[in-house]
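Contents: one structure, followed by commentary.
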Amino acid sequence: MNTLPTAPGPIGIFDSGYGGLTILHGIRQLLPEYDYIYLGDNARAPYGPRSFDVVYEFTRQAVYRLFEMGCHLVILGCNTASAKALRSIQQNDLPEWDASRRVLGIIRPTAEVIGSLTRKRHVGILATEGTINSKSYDLEIQKLHPDISVSGVACPFWVPLVEYHEADGPGADYFVKKRIDEIMRADPEIDAIVLGCTHYPLLMPKIVKYLPTGVRIVPQGEYVAGSLKSYLNRHTEIERSCTRGGMVKYLTTESTEKFKESAKIFLHEDIDVERVELDIPLPSVSAK
């Protein structure tokens, strides 16, 4: 039996950690009039090294919690969750929970625009190990742009550099240069590189420093925001289910003080945050 709230509510943004705050920032820049709930599963981050099954279970817990809090639309502001859980939630869970609700990821919006951002038709992906191993970017880009060649490199130390406040330090230079050199060796024809992790824009000065001249950097925030605006324009029934008060509520599964401190890196402002639990029993999904 469906017990989810039916009244209009905020747009949910979910991430395993803090990086999704860059997605939220991009969305709010373009669509400031809506209400938002940001939920970070910081206590169980990182998701990147975890299996598909674990990421799926953690993500569906978060999505259902946001539905319980009134969201009709949830954005997975996390590349790993988008790669490992989005399709299963869309196909298996939404029909059981509430077929009128929507969950969207951040990989497809980037794949949609990449065709207009590369002249040589050679694209690089810098992301976490989980996202690279999933081949999600490769599949989405080649589905939409079969003529584009895609090369991916995992950057395992980039997220800790950001979260431990080392993004501007000299130690970051070694790790950033190493991965950029690696991807350019893999395909010297690359002229556009997707930052396939929401933390990576905070390393932008280092990335720009070591990228060859003429290679375009593709952060996700602005493209996800543009895609969401287009989606709401095309799906008026979803748009009407989103409240407009310009408010943001922040939730974390970790310490609220730790979240406030780390969120400053991404938002450059003080915020209020509440702690929530996500290890919750979910409505069963019928066997398909």
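The values are calculated or read from the model by the stated rules, or taken from the named source; none is laboratory data. All of these numbers come straight from a predicted model, not from anything done at the bench. Positions of Cβ are backbone-derived with ideal geometry, glycine not excepted, and every protein chain shown enters the neighbour counts. Each accessible area value is taken on the protein alone, full model and side chains, heavy atoms only, with ligands, DNA and RNA left out. Shrake-Rupley method; radii C 1.70, N 1.55, O 1.52, S 1.80 Å.
Assorted remarks:
- Sorted largest first, extent of region 109-174 alpha carbons per principal axis (Å): 39, 24, 19
- For the chain, the Cβ-based charge dipole about the Cα centre amounts to some 700 debye (Lys, Arg positive; Asp, Glu negative; other atoms uncharged).
- With all protein chains modelled, accessible area of Met247 [1.4 Å, Å²]: 120
- Arg50 - accessible surface, heavy atoms, 1.4 Å probe, Å² rounded to 10: 90
- His199 - accessible surface, heavy atoms, 1.4 Å probe, Å² rounded to 10: 10
- Using the Stokes-Einstein relation with a Kirkwood hydrodynamic radius computed over Cα pairs, the translational diffusion coefficient of region 1-151 at 10 °C and a viscosity of 1.306 mPa s comes to 99 µm²/s.
- Across all Cα pairs in region 84-219, the calculated P(r) in 5 Å bins from zero up to the longest distance comes to 2, 10, 20, 21, 18, 13, 8, 5, 3, 1, 0 percent per bin.
- With the biggest extent put first, the Cα atoms of the chain measure 55, 43, 36 Å across the principal axes.
- The dipole here belongs to region 51-126: it is taken about the Cα centre, uses +1 on the Cβ of Lys and Arg and -1 on the Cβ of Asp and Glu, and is about 540 debye.
- Computed over region 60-128, Kirkwood Rh from alpha-carbon pairs, angstrom: 13.5
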